[in-house]
1. Can you give me the C-alpha center-to-center distance between the range 61-85 and the range 146-215, rounded to a whole angstrom?
2. Calculate the tail of P(r) for the range 21-208: the fraction of all Cα-Cα distances greater than 21 Å, expressed in %.
3. Sort His150, His49 so that the residue with the fewest other Cβ atoms within 10 Å of its own Cβ comes first and the one with the most comes last.
4. Can you compute 3J(HN,Hα) from phi for each residue in the range 38-49, using the Karplus curve 6.51 cos²θ - 1.76 cosθ + 1.60 with θ = phi - 60°, rounded to whole Hz and x for Gly and Pro?
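Every read-out reported here was derived from the displayed coordinates using simple, explicitly stated rules and does not represent laboratory data. Just so it is clear, the structure is predicted and the values come from calculations on it, not from any experiment. Backbone-built Cβ (ideal geometry, glycine too); neighbour counts: all protein chains shown.
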Amino acid sequence: MKKLWCLALVALLAALELTTVRAGEYLTYQNIEFVNDDARLLRQYQSWHYDVYYDRLAGRRFWGWRTYTANDHEPVRFQKETLYVIENAGTSPVHKTYFFETTFASKYQVSASGNIGTSSSGDIRGFRLNLDAEIDVRYARERSHTQSEHVEIRLQVDPGTRLRVEVYGEGLLSNGVARYYRFWRNVRSGGWEVFLVTTEYFSIVKEEIYVPPSR
């Protein structure tokens, strides 16, 4: 009986672990939109997605990975963050100058679910057990190191307007499922995802706001 309880506990923990996504920075972005409406993020996978994709894997291996790519280099647009919001409810323009430093981390980011692990080497994060090489070598060539940039922005906020300074960008995203075998036995399984930032840029948006008439 004790052995049965232990097996049940292990099965429960495995089921819970399947839904866990170890996230790259891109999953903290304010918004991510695919150009192709049929594409989806790994965190949007339902249990039936895993079932369908696992069925598309090739047979067992003596040792190593079997992978399936569900979304391959899908173009995405994203809103990374809002830096400033300024409202002018007065009657004269407001002039502002901002100096700040923005840091562009590694363009190559990964996430995983199940018990597919991620690892890091300096600023670069990848997958354990050399899964990166099994998925797509093109990503590995496009990794970049962290760099900082000093930016100066001069702004004029007209009366009755709101101004937002935001960071937008574009990228490519691939994801799918994988299983790792040792002696033909499946010891790791789950989802993988790779996000590559291809460009980032600042956007300044002005919009009118309602200003109550002065008495």
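1. Between the Cα centres of the range 61-85 and the range 146-215 lies a distance of 14 Å.
2. Working: 10130 of 17578 pairs.
Of all Cα-Cα pairs in the range 21-208, 58 percent lie more than 21 Å apart.
3. Details: His150 8, His49 16.
If I rank by nearby Cβ atoms, fewest first, I get His150, His49.
4. Along the range 38-49, the couplings run 7, 6, 8, 6, 4, 5, 8, 4, 9, 4, 5, 4 Hz.
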